[in-house]
Each structure stands twice: as structure tokens, then as C-alpha cells.
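K.L.:
Below you'll find the structure I mean.
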Amino acid sequence: MIRTKGGDRGLFATALLLLVLVFLVSLLSGCINRDTQLQASDSDRPYLSVLVPLHFPQPPSKEVVAKIEELTDMRLDLRWVPEGVYTDKMLTGLTTNSLVKVSFVKVSDYHMVKNAIRSDVFWEIGPYLAEFPNLSKLDPNILDQTAVDGKIYGLYTERPSSRQGVILRKDWLERLGLEEPKTLDELYEVLRQFTYGDPDGNGEQDTLGVVDRNDLVYGIFKTLSSYFGTPNNWKIEDGKVIPEFMTDEYLNTMNFMKKLYDEKLINSDFPLTSKEVQRDRFIRGEAGVLIGSMTDVQRLAIEARAINPDADFTLVNRIKGPYGYKVWSIPNFNGLYLFSKKMIPTEQDLRDALRFFDRTMDRDVANLMKYGFEGRHYRTENGMVILPEETSQLRVNEVNPLYSLMIADISNPNIMEVAQKEHLTQIAEQLSKDNEAFLVDDPTVRLSSPTYDEKSAELSTIISDATYNYILGRIDAEGFHQEIERWKQSGGQVVIREFEEALSHR
């Protein structure tokens, strides 16, 4: 009897399990059918995958992206990649032939993809731009800066020539009785006091002057080097092309950085520190100075005040060096969106992709991407945008990452003007404009060197490793000179010759 009852219970349990399985299968089937129906309903919308750098802690909100899809009549697959690892991700896709339809290439990485462009990996889009009302009005001077062998391949993201400057803890300056630095010597003294003068007032020696990251361009090194008068990548003198690292000014910058390292005024692990960790350490008050893009100051301040409400910030863009005021610049494009021929096989597919970017420049989409939803992220008065301080964090979380996707936004007449900006943002933009008075341009922007395009990654690694090793005290000036010779023998001397030949033909 016991076995029979147990058997009955077993049969009942089996039947119940079957019923549950049938229910789950039917439910799953319904979900699949519903997803299929949703995909079918969207099937008339072109699909576009885009590799985009993420400069913020998180991607934009799904609601904003969904609205962009609706307005542009597209299905978007935005692949957000943190800026700190973006170059590696993009180059991996290029070398493994696994790019998505559209990929962003930073201006500092552009030379590394030029040979792929010449190998027909990407569409030449120049002949198609006239078909689109907004793309046809792109700045021809900027397009010319982006050209490869006279042909246009990318849609540019527009940026000021230089946003570089010094972000400082204003409350630390005031606590220590210091003025904002105006010279390199004064900057050094601020960094020393911020390290050893107990600027946070907690009675402990637990602060740093400045926090840096593993990037000689967008970290602190290149901006400091421009203050010392270092050329911007290259120098042209009497028809000769000279790399920046073969100048006395570059050596002086390394010596300054070595002094910061030896005196422990900078984080000792900076050659290994990511951008995210650098930002976090600054936000948490471990360091009092961050040198880089001044336009980051507003979101840094928001996040810092969430931890310490007394945190206060200021900006300095004019640091006087041995040759007066100098700051390095980029061309007027920050990067390009390139269109994969493999993933975009037909001209119609290309036109669909270009139509999306053209549509993003229209008034409704451009202002959505720039400011978000009216009433939630901003308000308008007299046809102008008001950006309240109290919605700053909301815009950082939900809207601001989209600036990476906006092309030619600075000169786009469809974007509404801002009547009232956050205080620090307004200062950062004013100082970025002031930088225009003492820019140091790269004189080789319009010169061509096939060897540089082919070997730039290898050559850059030789010099960046040598620079770090010098600062860390692993090699001396003679050792650095030996690395320069290795750079020359590895193709650098050919690069110089090709640039000089290109210069002679201009």
C-alpha cells in the first residue's frame, strides 16, 4: 500500500511537472512570437550598428535612444565602449575584420587606419554628401583636414581646437592660502602644497598634488609639454621635420614629470592607471589637480560634491612657460565615423546609414541628443535653452554620453542656443575659447607619410615606453637617446623623409 500511494504521488508529481513544463513552453513561445512580431513590425526600419566611445560612467537612457530611433526611423544598435579601452576595441575589430557597420575613430588614432582606408575597407562617402540637406553643408575646410589622398571617408565630430587646462580644488587653495597658479613654478608649488600641506584638513598626509593616467596624450603629459614649449607632435624648421621627442622642451617636460614622481607629488602607478580610476581618485579627494579637458569640470564637481558637499573647483588655462603661453591643439575634428564596406554592402545601405546621420542634424533630433527631453532635462525661455544646475546629474546620466554620436554639432545652426549654463561649464567654454589665442598646431596634419600610417603604433610604443621609463628612472638621457635611435631604425627616419618630401611638394 505504501508503494502504491508513493507511486500515485509520483505519478501526480510527474503530471504536475508536465503541466508546468507545458505552461512554461507556451509562455516562452508567446514571448518568442511577441519578439518576432516586434522585430517584424520594425523590419521596415533600416538597422544600424555603431561603435561609439563612452566618456561617461554609463550609456544614455534607453528612453532617449528610443526617441532617437523613432524620429530617425532607424533600429539602432549602439555599442558603447569606455573611452579608456576604445582604441584597443576599435583596432581589434579592424585587424580581425569584425567591424560593425559604422565605427568611430579618434583623431589620435586616425593615422593607424589610413592604410585600411586605402585598402578599400571603408566607403568613400564624399560623392554622396551632396544628396543630403545637412551633410551637404559640412565645413569643407574640416573635411579637407580629414581627407585621405584627397578623398572624404568620414563624418567628423566637431570640437574646439583646445579644451586643455588645469582643474583645481578651489577649497584646498583657500585653506592653504594659495593663489591660482599662473606659471610652471607656481603650478609645481601648488602640487607640492597639495601633497604635503594637509589641504583637506584631516591632519593626515593622505593627498596627492595631481593624479594622472596611462595616456601621454590625453593624460597630463602633453598639456604640460605644451606649457614647456614642446612642438605638437612635430616641428618644421628650415624645411626639416623634427619629432617632438627630439627637442629640448620634451626633455624638460620629462624632467618635470620625473621630479613630480620622485617627490611623490603624483600617483606612482600613473603608467598603469585607467581614466576611470584617475577620475575616481580626483572625485574622492585623493588629489587636488587634474590636467586635461576643462569641459569635464561640471560632472567632476557634481560627483565630488555628492561625496563631499564642501568640494569646490576652479579652472586655469593660462600657465606661462619659457616661451609664454602655449597649449597644444587638435584639428577641428575630434574623430570620424567610418563606414565598413563589408557590413554595408550596397549603396542603398550606405545611403540609409548616411541618412541617419543627416537626420541627427535636424532641429528635433539634434536638440534631443544635445539637451534631452524638454521639461525633464532642460527648459526653454524665449526660444533659448536653460540648463538648471539641479538637472545636471540627470543629464550626465541620461543624455550627455550622446555627444559622442553628434557630428558637426558646434557649427550646426539647428541646435538651440543656451541662455543659462551651469557656472563651471560656462567658465570652461570661455577658457577653451581663450586658448585660441596661443594654440600650437601640428604642422604635419595635411602631410602624408605612408610609413607613418603603417607603423605608427609600433613607433609610438617605442617612444611612449621610453618616456615612461625615463620618468620612472629606469633609463637616463643616454638611454632615451638610444631609444630614439631605435625609433629611427624601425622606420622613423623614413617617416621624417616622407614628411619632408611631402612638405617640399606643397
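All of the numbers you see were taken from the coordinates with simple rules; none came from a lab. Being a predicted model, the structure only gives us computed values, none of them experimental. Glycine gets a Cβ as well: all are built from the backbone with ideal geometry, and neighbour counts include every protein chain shown.
K.L.:
With θ set to phi - 60°, apply the Karplus curve 6.51 cos²θ - 1.76 cosθ + 1.60 along the range 123-140 and write out the HN-Hα couplings as whole Hz, x wherever there is a Gly or Pro.
P.N.:
For the range 123-140, the Karplus-derived couplings read 5, 7, 9, x, x, 9, 5, 5, 6, 10, x, 8, 5, 5, 9, 4, 5, x Hz, x marking Gly and Pro.
K.L.:
Then there's this: Give a residue-ordered list of calculated ³J(HN,Hα) values for the range 168-182 (Karplus: 6.51 cos²θ - 1.76 cosθ + 1.60, θ = phi - 60°; whole Hz; x for Gly, Pro).
P.N.:
Those phi angles translate into 10, 6, 5, 5, 5, 4, 5, 5, 8, x, 9, 8, 4, x, 10 Hz.
K.L.:
How many nm separate the modelled label positions at residue 461 and residue 45, each set 7 Å beyond the Cα in the direction of the Cβ?
P.N.:
So the label points at residue 461 and residue 45 sit 4.2 nm apart.
K.L.:
For residue 380, what residues show an amide H to amide H distance below 5 Å, using hydrogens built from the backbone and excluding near sequence neighbours?
P.N.:
386
K.L.:
HN-Hα J couplings of the range 283-291 from phi, Karplus 6.51/-1.76/1.60, θ = phi - 60°, integer Hz, Gly and Pro as x?
P.N.:
Couplings: 4, 7, x, 7, 9, x, 9, 9, 9 Hz.
K.L.:
Given a Förster radius of 51 Å and the C-beta distance between residue 414 and residue 238 as r, what FRET efficiency does 1/(1 + (r/R0)^6) yield to the nearest 0.05?
P.N.:
It comes to 0.65.
K.L.:
For a quick check: with amide H placed at 1.01 Å from N, whose amide H comes under 5 Å from residue 334's, ignoring anything fewer than 5 positions away on the same chain?
P.N.:
The list, which skips near neighbours in sequence, is 157, 158, 159.
K.L.:
Per 0.36 nm of contour for each residue apart, how much would the distance between residue 481 and residue 376 grow if the chain were fully extended, relative to their Cα-Cα spacing?
P.N.:
32.1 nm
K.L.:
Follow-up question, since we're still on this one. Full-extension gain between residue 490 and residue 343, please, as 0.36 nm times their residue separation minus the C-alpha to C-alpha distance.
P.N.:
Full extension from residue 490 to residue 343 adds 49.5 nm.
K.L.:
For the range 261-327, which chymotrypsin sites (Phe, Trp or Tyr not before Pro) are both in a DSSP coil and crowded by at most 14 other Cβ atoms within 10 Å?
P.N.:
323
K.L.:
Tell me the Kirkwood radius of the chain: reciprocal of the mean inverse pair distance over distinct alpha-carbon atoms, in Å.
P.N.:
After inverting the mean inverse Cα-Cα distance, the result is 25.5 Å.
K.L.:
Right, here's the next one. Sort out for me the Cα centre separation of the range 156-188 from the range 388-456, rounded to whole Å.
P.N.:
Comparing the Cα centres of the range 156-188 and the range 388-456, I get a distance of 18 Å.
K.L.:
Okay, moving on. Whose amide H sits under 5 Å from the amide H of residue 81, counting only residues 5 or more places off or on another chain, with H placed in the peptide plane?
P.N.:
The list, which skips near neighbours in sequence, is 52, 54.
K.L.:
Another one. Between residue 174 and residue 186, what length in nm is gained on full extension when 0.36 nm per residue of separation is reduced by their alpha carbon distance?
P.N.:
Numbers: separation 12, 0.36 × 12 = 4.32 nm, distance 1.50 nm.
Residue separation times 0.36 nm, minus the Cα-Cα distance, leaves 2.8 nm.
K.L.:
If each DSSP helix of 4+ residues adds -39,500 (n - 2.57) and the sum is divided by the residues in the chain, what number results at 222 nm, nearest 500 deg cm²/dmol?
P.N.:
That calculation yields -14000 deg cm²/dmol at 222 nm.
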